[in-house]
1. When only DSSP loop residues count, what GluC sites (Glu not before Pro) in region 78-122 have their Cβ near at most 14 other Cβ atoms within 10 Å?
2. Report the one residue of ILE81, ALA122, ALA104 whose Cα lies farthest in the direction of the positive end of the charge dipole of the chain (charges on C-beta: Lys and Arg +1, Asp and Glu -1; origin at the Cα centre).
3. In whole percent, and with a 1.4 Å probe on the protein chains, what portion of the accessible area of region 135-215 is carbon and sulfur?
4. Could you list the chymotrypsin sites (Phe, Trp or Tyr not before Pro) in region 194-268 that lie in coil according to DSSP, counting only those with at most 14 other Cβ atoms within 10 Å of their Cβ?
5. Using a probe radius of 1.4 Å on heavy atoms only, what accessible surface per residue do you get for the chain? Whole Å² is fine.
6. State the antiparallel share, in %, of DSSP beta bridges confined to the chain, rounding to the nearest 5.
7. Taking the simple approach of a point 7 Å from Cα along Cα-to-Cβ for both ASP66 and TYR5, what is their distance in nm?
8. Within the chain, what's the longest run with no trypsin sites (Lys or Arg not before Pro) in a DSSP loop and at most 16 other beta-carbon atoms within 10 Å? Give the range, please.
Amino acid sequence: MSYSYRDFIFGELQELEQQNLVRRIPPVESGADKWLQYDGKQLLNLASNNYLGLAGRPELKQAAIDATEKYGTSSGASRLISGNYSLFDELEQELREFKKQEDALVVGSGFTANLMILSTLADRHTVVFSDKLNHASIVDGVRLSGAKHVRYRHNDMEHLAALMEKHADAPRKLLVTDSVFSMDGDLAELTAIVELCERYQVLSVIDEAHAAGVMGKGRGLAAELGLSDRIDVHMGTFSKGLGSYGAYVAGKSDIIEFLRNKGRPFIFSTALPPATIGANLAAVRLVRSEPELGERLGVMAGDVRRFLQQLDLDTGPSQTAIIPVILGENEAALKARDMLMEQGIYVGAVRPPTVPQGTARLRISLRADLTDADLSHFKQAVSRMVDSLD
């Protein structure tokens, strides 16, 4: 390595250390389970996105085993070459029916899906309207597309309307938003967004990563609000509420066919392995057969938010199982995380640039398989944490 790069890298790492922003992979085992092992200690896991606890369900495990025994461990190529097998077709058919859309396409991950959607449907002649707090994959997808990136203030519909009016004459226009925002746990103003998109003839794209499997009887926020038919492109992941890995895009058949033919991240990637597709198919079928899975989670989240607010903790605008405890400084978030770990609770400490400066936080991620005893344990630990911080 040249001296110039060595000096640059050393300086950057030193600055991160001084700002309490160094990221290190935690010594975690069984990170999706309700109880994880952290450096040999058992902790209640309130950090994963395994919202329904499906990652450990026997149905998903057996489906993964069966697919591996039948097809082996790898797809061997991209789906357009030789990497396809009948489980993909079954899964996409299941998704079409589940999402009530004309067509669906399975891809490698949520990040890949957003890169594909935006770099394929937008170009330098396109204006893309994007919520200021959208996921990094959306931001990177817009950058890759070369489109004009017009960001509106978070959930500010007056600002969005003004921006759409300003760019009303653009030849192509697209809006993209998360449905559930991953750091604040609040919801997009989908009804108003859809109405604006229809008024200004803007293609609408929704990222349901944190709503898939959980809201709308598993179909997502758009379904819960009765907006599925009025949104053009639906993206969702299998890696959170559905307890597996990968992502899907669903929508009108011509849009999906266009992505299948022009989406470089899909065309040039080796397809997901059989075990993953088997588990994905089992997860969708399970959620379809047990649509009440997410209901208890919503009730639990309301109870936990009220408890935290009674302790004068700032839970931001959360409306879901993602509940931030906003503490401000990076050091405060790390200290609070460590205090909870000492009492057997594991939550994430999220710092800039993932969240804005001055809003470092604990990110509590609830899960449907928590018992009343688990919740009582958590509440006692938080109460002691607050007393110690005071």
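The values are calculated or read from the model by the stated rules, or taken from the named source; none is laboratory data. A quick note: this is a predicted structure, and the numbers were derived from the prediction, not measured. When we count neighbours, we look across all protein chains shown, and the Cβ atoms used for this are built from the backbone with ideal geometry, even at glycine. Calculation scope for accessible area: heavy atoms of the full protein, side chains included, ligands and nucleic acids excluded. Shrake-Rupley method; radii C 1.70, N 1.55, O 1.52, S 1.80 Å.
1. Answer in residue order: GLU102.
2. Final value for the positive-end residue is ILE81.
3. Carbon and sulfur atoms account for 47 percent of the accessible area of region 135-215.
4. PHE268
5. 46 Å²
6. Percentage antiparallel, nearest 5: 55.
7. 4.9 nm
8. The answer is 253-390.
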